[in-house]
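Please read the structure below before turning to the comments.
Nothing in this text is a laboratory measurement; each read-out follows from the coordinates by a stated rule. Worth saying up front: this structure is predicted, and the values here are computed from it rather than measured. Reconstructed Cβ throughout: ideal geometry from the backbone, glycine too, with neighbour counts over all protein chains shown.
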Ligand SMILES: Cc1cc2nc3c(=O)[nH]c(=O)nc-3n(C[C@H](O)[C@H](O)[C@H](O)COP(=O)(O)OP(=O)(O)OC[C@H]3O[C@@H](n4cnc5c(N)ncnc54)[C@H](O)[C@@H]3O)c2cc1C
């Protein structure tokens, strides 16, 4: 492995591969260092919403070429704690992007190879241990392949190394407080009955709201099934994630009858969700953070791939400008934060607001009931979740309609 690069990117998940792809496509010298070897799994719901698909298409990934390992999703179904549900198929967005479910073991390798094919030097099986500093400025990383430790010099470092980011830790960012962390557990099941081309989300237990369970189709009678819950609710529930997943699978009335013949494939795998209620700095002298390392998961839905892609690309663009100017100071790199906030800031703010509202079982049940009655609400609510609509506008339209329509709140 060479001992220097213009830009070192730590972590080849969606954020790191998007950053490396953008840099390499523009001719920059970029090294993408990944702890695992591909193909590697990542615990995830595998739901790729329309706005993520639009970016992945721009990066040259075509979902039709996933050799039957991707399922196209057209709509969704949402269930309230009462067991009531509504379903809708939102209009396709103007650009024609679609939603897909793709196991991360497939998607992440494709993404990393796209970055590699664009010219990034992908180094697998190597962990970044920490950043190297000179006068308070990041000038490279120390990494290991498990047998030896070596230093890589870089003009700047992009930390895209996920929820347990070594780069963020070495920049002095400690563990996030409990209220900014969620946990999610995902299993694959075969023999699932009545799977549609829907993303299904069920707010099945009023005690863990805004936590929910999901059923996403990944193939013929095969589903990705999981639960996500805030750390505080998990502590207060005094239960293990596995027990809550078992309850979802066995008791949710819209799920349990379809799983009587189902079998789990392997063991369910859990992982933290660093939620964007935490405002972490993402720009440093000589370093940038993106994706989960920057705590950019949507507080309502748990979606993190879109913000990983958006912030990975903004980090890549800022890094390009810094390399061109031969200046990786915080001032030059601050375009990163301005860009990801401009694109994703409103969506994350909406998520923060809605996540608090979704703690109310009564409000959730009311919304589901109204959406059952009203196709406009139903398609807007699902368009919001599936990323087929501009989320700020969708939210404003729903709130205004509800406020100016007093019958929305009528008791039923
Ligand atoms: C159970 C679950 C379900 C989810 N479902 C969805 C969903 O359906 N849709 C959605 O959009 N989001 C979902 N998310 C969130 C989503 O998975 C993450 O937000 C997303 O993966 C973040 O991408 P990333 O590139 O920032 O980090 P990651 O995907 O975590 O990638 C980080 C990469 O860095 C590597 N790495 C880690 N440490 C080091 C190191 N020290 N040195 C080098 N490499 C390192 C890792 O091996 C990994 O390849 C879910 C999360 C969980 C836990």
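Overview of results
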| quantity | calculated |
| --- | --- |
| Lone qualifier among 201, 225, 229 - being assigned to a strand (DSSP E or B), without any contact (Cβ under 8 Å) to a residue 40 or more places away in the chain and within 15 Å of the ligand (Cβ to nearest atom) | 225 |
| Index of the failed condition, residue 67 passing every other in (1) within 13 Å of the ligand (Cβ to nearest atom); (2) within 30 Å of residue 255 (Cα to Cα); (3) not in a strand (DSSP E or B) | (1) |
| Checklist (1) away from the ligand (no atom under 15 Å from the Cβ); (2) surrounded by 17 or more Cβ atoms within 10 Å (Cβ to Cβ); (3) in contact (Cβ under 8 Å) with a residue 60 or more places away in the chain; (4) under 22 Å from the mean Cα position of the chain (by Cα) applied to residue 245, failing item | (1) |
| Region 373-387 residues that are over 14 Å from residue 399 (Cα atoms), paired with ones that are assigned to a helix (DSSP H, G or I) (beta carbon under 7 Å, 6 or more apart) | 383/394; 386/50; 387/50; 387/51; 387/52; 387/306 |
| Residue in region 191-198 that is over 30 Å from residue 99 (Cα atoms), assigned to a strand (DSSP E or B) and within 16 Å of the ligand (Cβ to nearest atom) present | no |
| All helices (runs of 4 or more DSSP H) inside region 284-401 with 1 or more residues being away from the ligand (no atom under 16 Å from the Cβ) and over 23 Å from the mean Cα position of the chain (by Cα) | 305-325, 330-333, 361-373, 375-386 |
| In region 24-63, the residues that are away from the ligand (no atom under 14 Å from the Cβ), farther than 30 Å from residue 153 by Cβ and in contact with a strand residue (DSSP E or B) (Cβ under 9 Å, 6 or more places away or on another chain) | 63 |
| Count of residues meeting criterion [without any contact (Cβ under 8 Å) to a residue 24 or more places away in the chain and under 17 Å from residue 158 (Cα atoms)] in region 275-324 | 2 |
| Exclusive hit being surrounded by 24 or more Cβ atoms within 10 Å (Cβ to Cβ) and either touching a residue at least 40 places away in the same chain (Cβ under 8 Å) or within 29 Å of residue 183 (Cα to Cα) (or both), set 87, 15 | 15 |
| Among residues of region 103-147, those that are within 18 Å of residue 31 (Cα to Cα), more than 26 Å from the chain's Cα centre (by Cα) and surrounded by fewer than 16 Cβ atoms within 10 Å (Cβ to Cβ), counted | 2 |
